[in-house]
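Below is one structure, written out as structure tokens; comments come after it.
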Amino acid sequence: MATTPVTLGQIAAKLGIAAPPAAAGLVITGVASLADAGASEITFLSSETHLKEFAKTRAAAVVVQDNVKFADAATPPPAIVLRAKDADLAIAVVLEMFALPIARPPLGIDPLARIAASSQIASGAAVGPFASIGNRVRIGANAVIHPGVQIYDDVVLGNNVELFANVVIRERITIGNRVTIHAGSVLGTDGFGYRWDGQKHAKVPQIGTVIIEDDVEIGSCVCIDRAKFSATVVGRGSKIDNLVQVGHNVTIGPHCIVVGQTGLAGSSSLGTLVLVGGQVAVRDHVSIGDMAKIAACAAVADDVPAKEIYSGVPALPHRQSLREQAALRHLPELRPLIRKLQDEIAQLNEKVQKLSEAGG
Amino acid sequence: MATTPVTLGQIAAKLGIAAPPAAAGLVITGVASLADAGASEITFLSSETHLKEFAKTRAAAVVVQDNVKFADAATPPPAIVLRAKDADLAIAVVLEMFALPIARPPLGIDPLARIAASSQIASGAAVGPFASIGNRVRIGANAVIHPGVQIYDDVVLGNNVELFANVVIRERITIGNRVTIHAGSVLGTDGFGYRWDGQKHAKVPQIGTVIIEDDVEIGSCVCIDRAKFSATVVGRGSKIDNLVQVGHNVTIGPHCIVVGQTGLAGSSSLGTLVLVGGQVAVRDHVSIGDMAKIAACAAVADDVPAKEIYSGVPALPHRQSLREQAALRHLPELRPLIRKLQDEIAQLNEKVQKLSEAGG
Amino acid sequence: MATTPVTLGQIAAKLGIAAPPAAAGLVITGVASLADAGASEITFLSSETHLKEFAKTRAAAVVVQDNVKFADAATPPPAIVLRAKDADLAIAVVLEMFALPIARPPLGIDPLARIAASSQIASGAAVGPFASIGNRVRIGANAVIHPGVQIYDDVVLGNNVELFANVVIRERITIGNRVTIHAGSVLGTDGFGYRWDGQKHAKVPQIGTVIIEDDVEIGSCVCIDRAKFSATVVGRGSKIDNLVQVGHNVTIGPHCIVVGQTGLAGSSSLGTLVLVGGQVAVRDHVSIGDMAKIAACAAVADDVPAKEIYSGVPALPHRQSLREQAALRHLPELRPLIRKLQDEIAQLNEKVQKLSEAGG
């Protein structure tokens, strides 16, 4: 389970920065937080808010964001310091060096998988046990179909698709290249549509499909519903977190981020590069413009213009939300204040009354 | 994958309306939105808000709601128009005509399914691979058990039940006739009940069951918990969307609609024909009366009378919610206003003081 | 399916209280609510709010909380009454007596399970069909691995672990002793981390793990993500309800309760004995102190001190939330009130003006 150790010199080289020559041969065995890192591990300091933890770290080395200033220049740092222009990028690079392989079924088709004869699976596929692949399914090169994945008839998967355990892909759905779907997600359930016919909720047929474009990543236990007609679409490069609900005929543009437990109701749409926080609700038929940002827990009931930030329940322009929230914090004081004014006015009235009587 | 094309005359006949005789033979190949429909497709216009898209549609034909007026009676419509009394119903009828079959395992029991010898499966069943059916399970006629479905001991399923891939039905649960449960849902997990015994959260046994009545449809990744005792009940004809949580001992009456990501806490109850929007939370032991409607994202902490509409966090009668929201929009202006009044009163006081001194 | 009937004397003995000698031999066949209990069943009355249902119960016997007073001491109770100091504890004890066994795969490894040769499974294991166990997995004594469970490489499970149907445990995850995970949950999906590289959301490798300590119970369709590095941790004795999202690097302390549909964002932490209601959102990097309580539907954006109760969106100390909510209920009246004051001040100004002119 251990990763191959690497030297600090190798890490510095990958980051394109200089390591102290004396320490270049130092063996680094892993990555951990400032607080948890042991004597052979590397860690990160990306802002001054963590200087206290930094001072106490037992790590061998720390990658420090260029613009972070140490509180006390005189005290020698507690570990070897590598300065990086972009600590976030450096973290990603270092994590990559220590990443262990994803567990995958071996190449080939497990004898306990069930593959329809009419399906076409390109070369390089790994299909785990208890996976089923329906009729006329077409799967591109290098697919990884983990155990327990159920793929229905007439599905099309691109190249380098990875479906983790127990994912379900319903019939006639199209998935692009380099798409990853994590365990337990379900694509292509009927959209939720009924019509009260006087006696019962009659089902409105959901005859559309789902289209997942290239380079999409979808978390676990995500539900993406089949369109009433046409398609529910997730645009290329978009990333969807766990437990998200995507209703029928939703359109998610390219490069969107949708954080966990958010729900996008039927026919809502996100433009390009939209960022939606966690537990957000977007009402049906609402459009969110390009590069807009929706704060976590917002309830979006009306269209959001491009590039705007919205927050709150109901969602409003973020500044307005903040202003209303600030006012709400003082709301309990207002009623007593108003009562006091009422009293003062009553007293004034009395005085004025007396004055006018006296003057009369 | 293509559906059988149908003629416009056939569609008109199904809708019980007249098609222009010259166009009756026109072949329609599918259904799409006003914007997406191609030259051989049919689409819909159910309100005047979409007249712009209508003007630009390339569809062959458009089903138009009777009361929709065209902006400019002089301009000929861009496609053949079929007038329908109820466009929603017409859509459902037309979608039905173009619906492709649901992918199902073939009739019979897959050799890679695991069926307990003591289970009884009526005629017409289709059981997919990697499905397991426990001891003493009884399954009615024409059941469709998709791949990866796990049915525990002593479960009873009615006739014409369909369980999509990877559904889990825990022991001793009863499911009525014509019930559909979509992929990844779990029925019969222990209700969430513990008692702090001074040292740990001791589990309260959950010895009850779940009863799903006839004609219920349940979405994907829905969790319906087993009762503490007696039963958690979903009434006949009710429809539950994806990712809904139904706690132990909840009672959902007949013909309710529960939209995605809603949570009904333990022992809460919905009457008949209750409509609950998405991401709603209903507190434990709260009752919602017949035909009440709960707006999306509401947090229902108290009983809701029959036929009322509630919304908001916490949920209030919808009118009150709207009134408070409207007032909130103006809240930031109130403090400056009150300050201004304070100043004016102070000035008045001064003037009155002077007057009374002058008069004294 | 029926439980073995027990006598009222046996129940009383288990509860450590006295049954009326004449009724000790009475056979009790089950447990039900006050309203539903039949003539051979036992039920409970834990507070005076249910006295009406109590008066009408058809139960054979009722366990009544010691301090509950009957409305009318003269009327004989409708059933045999057993007085208990702690009705909640009594309910748990009685439910235990009537609990039916959990349906489990038989001891041993099902021939339709797929077990890697390099895995080690201690004695007493039951592994159901369609379960897969990866390379180098180590499983403690008496494990129950239900059908369709997928366990990836290098996972470690303690003793007496139970994984219900279709659970997925990703590679290199460690699970303690006496841990129960309900159907459909997923542990170890990559944390949700990307970096915009100017052209795309580049994935930040998630090389950490998940650690589930002893005596944890996890509901259905729960997602617990793998850490970016180090570990996402669920502390011993903690209980997590259905459809909860636990982000990467979250730390849940010992003996916490997390109710359904709650989301804990990345690197948030709960102390010891924290209680988090349903549908709560906790922002990333936020800490909630020991024994704090978070009300259902709260959105926690800042640290919560130990022992505090927080509620609301955004979450505030509960008293402040209540005060603001109370003020909000009166907010719509404030604007008209202020307008009235404005009018009164205007009138006063006029009067004072006249007076000063008259006096001038």
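Name the strands (runs of 3 or more DSSP E) wholly inside the stretch A:131-226 in which the number of residues that are surrounded by fewer than 24 Cβ atoms within 10 Å (Cβ to Cβ), free of Cβ contacts under 8 Å to residues at least 24 places away in the same chain and of a type outside the set (A, V, I, L, M) is 1 or more. Full working, then the answer.
Values: elements: A:186-189, A:194-196, A:201-203, A:209-212, A:223-225.
Result: A:194-196, A:201-203.
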task: Among the candidates B:ALA92, B:ALA87, single out the residue that is closer than 30 Å to B:VAL144 by Cβ and either within 14 Å of another protein chain (Cβ to nearest Cβ) or open to solvent by less than 10 Å² (accessible area, probe 1.4 Å) (or both).
output: B:ALA92
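For B:VAL258, indicate whether it is in contact (Cβ under 8 Å) with a residue 12 or more places away in the chain and either closer than 19 Å to C:VAL244 by Cβ or open to solvent by less than 10 Å² (accessible area, probe 1.4 Å) (or both). Steps first, please.
Working: in contact (Cβ under 8 Å) with a residue 12 or more places away in the chain: yes; either closer than 19 Å to C:VAL244 by Cβ or open to solvent by less than 10 Å² (accessible area, probe 1.4 Å) (or both): yes.
For B:VAL258, the condition - in contact (Cβ under 8 Å) with a residue 12 or more places away in the chain and either closer than 19 Å to C:VAL244 by Cβ or open to solvent by less than 10 Å² (accessible area, probe 1.4 Å) (or both) - is met.
Would you confirm, using the coordinates I've provided, whether A:LEU243 is more than 30 Å from B:VAL93 (Cα to Cα) and open to solvent by 20 Å² or more (accessible area, probe 1.4 Å)? Spell out the reasoning first.
On the way: more than 30 Å from B:VAL93 (Cα to Cα): yes; open to solvent by 20 Å² or more (accessible area, probe 1.4 Å): no.
The answer is no for A:LEU243.
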query: Can A:GLY124 be described as away from every other protein chain (no Cβ under 13 Å) and either surrounded by 21 or more Cβ atoms within 10 Å (Cβ to Cβ) or in contact with a strand residue (DSSP E or B) (Cβ under 7 Å, 6 or more places away or on another chain) (or both)?
result: no
message: Looking only at residues that are part of a strand (DSSP E or B) and closer than 22 Å to C:ALA113 by Cβ in the stretch A:96-121, which one is least open to solvent (accessible area, probe 1.4 Å)?
response: A:GLY108
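Residue-wise test of (1) in contact with a helix residue (DSSP H, G or I) (Cβ under 9 Å, 6 or more places away or on another chain); (2) open to solvent by less than 30 Å² (accessible area, probe 1.4 Å); (3) under 16 Å from C:HIS285 (Cα atoms).
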residue	(1), (2), (3)
A:ALA18	yes, no, no
A:ALA24	yes, no, no
A:SER33	yes, no, yes
A:ILE42	yes, yes, no
A:SER47	yes, no, yes
A:LEU51	no, no, no
message: Go through (1) within 16 Å of the chain's Cα centre (by Cα); (2) closer than 22 Å to B:GLY278 by Cα; (3) of a type in the set (A, V, I, L, M, F, W, C) for C:ALA265 and report which single condition fails.
response: (1)
query: Scanning for something at the interface with chain B (Cβ under 9 Å from one of its Cβ atoms) and under 27 Å from C:ASN166 (Cα atoms), does the stretch A:191-205 turn up at least one residue?
result: yes
- request: State yes or no: is B:SER269 without any contact (Cβ under 8 Å) to a residue 40 or more places away in the chain, buried (at least 21 other Cβ atoms within 10 Å of the Cβ) and in the same structural domain as B:VAL222 (by TED's automatic domain parsing)?
  value: no
query: How about the stretch C:275-323: which of its residues are closer than 20 Å to A:HIS318 by Cβ, open to solvent by less than 10 Å² (accessible area, probe 1.4 Å) and either in contact (Cβ under 8 Å) with a residue 40 or more places away in the chain or more than 19 Å from the chain's Cα centre (by Cα) (or both)?
result: C:VAL286
- prompt: Which numbered condition trips up B:ARG58, out of (1) under 17 Å from B:ILE91 (Cβ atoms); (2) open to solvent by 80 Å² or more (accessible area, probe 1.4 Å)?
  reply: (1)
- request: Give just the number: which of (1) among the hydroxyl-bearing types (Ser, Thr, Tyr); (2) under 28 Å from A:VAL300 (Cβ atoms); (3) assigned to a loop (DSSP other than H, G, I, E, B) does B:TYR310 not satisfy?
  value: (3)
message: Residues that are within 14 Å of another protein chain (Cβ to nearest Cβ), within 21 Å of B:LYS228 (Cα to Cα) and in contact with a Lys or Arg (Cβ under 8 Å, 6 or more places away or on another chain): does the stretch C:45-57 have at least one?
response: no
- request: For the stretch A:58-84, enumerate the residues that are more than 14 Å from chain C (Cβ to nearest Cβ) and touching a residue at least 60 places away in the same chain (Cβ under 8 Å).
  value: A:ILE80, A:LEU82, A:ARG83
statement: Taking the stretch C:13-63 and the residues there that are more than 30 Å from the chain's Cα centre (by Cα) and assigned to a helix (DSSP H, G or I), the one that is nearest to C:PHE98 (Cα to Cα) would be C:ALA13
Complete set of residues in the stretch A:207-225 that are in contact with a Leu (Cβ under 8 Å, 6 or more places away or on another chain) and of a type in the set (S, T, N, Q): A:SER220
- prompt: Hey, among the residues in the stretch B:322-352 that are within 10 Å of chain A (Cβ to nearest Cβ) and among the polar types (S, T, N, Q), which one's nearest to C:LEU341 (Cα to Cα)?
  reply: B:GLN342
query: Exactly one of (1) out of contact with any strand residue (DSSP E or B) (no Cβ under 6 Å at 6 or more places or on another chain); (2) under 23 Å from C:THR180 (Cα atoms) is unmet by C:THR262. Its number?
result: (1)
- prompt: Could we say that C:SER269 is of a type in the set (Gly, Ala, Ser) and at pLDDT below 95 here?
  reply: no
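Criterion first (open to solvent by less than 10 Å² (accessible area, probe 1.4 Å), touching a Pro at 6+ places or on another chain (Cβ under 7 Å) and among the small types (Gly, Ala, Ser)) does B:SER238 satisfy it? Give the derivation first.
Working: open to solvent by less than 10 Å² (accessible area, probe 1.4 Å): yes; touching a Pro at 6+ places or on another chain (Cβ under 7 Å): yes; among the small types (Gly, Ala, Ser): yes.
Yes, satisfied.
The values are calculated or read from the model by the stated rules, or taken from the named source; none is laboratory data. Bear in mind that the values here come from a model prediction, so they are computed numbers and not experimental data. Note that we place each Cβ from the backbone using ideal geometry, even for glycine, and neighbour counts take in every protein chain shown. For accessibility, only protein heavy atoms count, side chains too; no ligands or nucleic acids. Shrake-Rupley method; radii C 1.70, N 1.55, O 1.52, S 1.80 Å.
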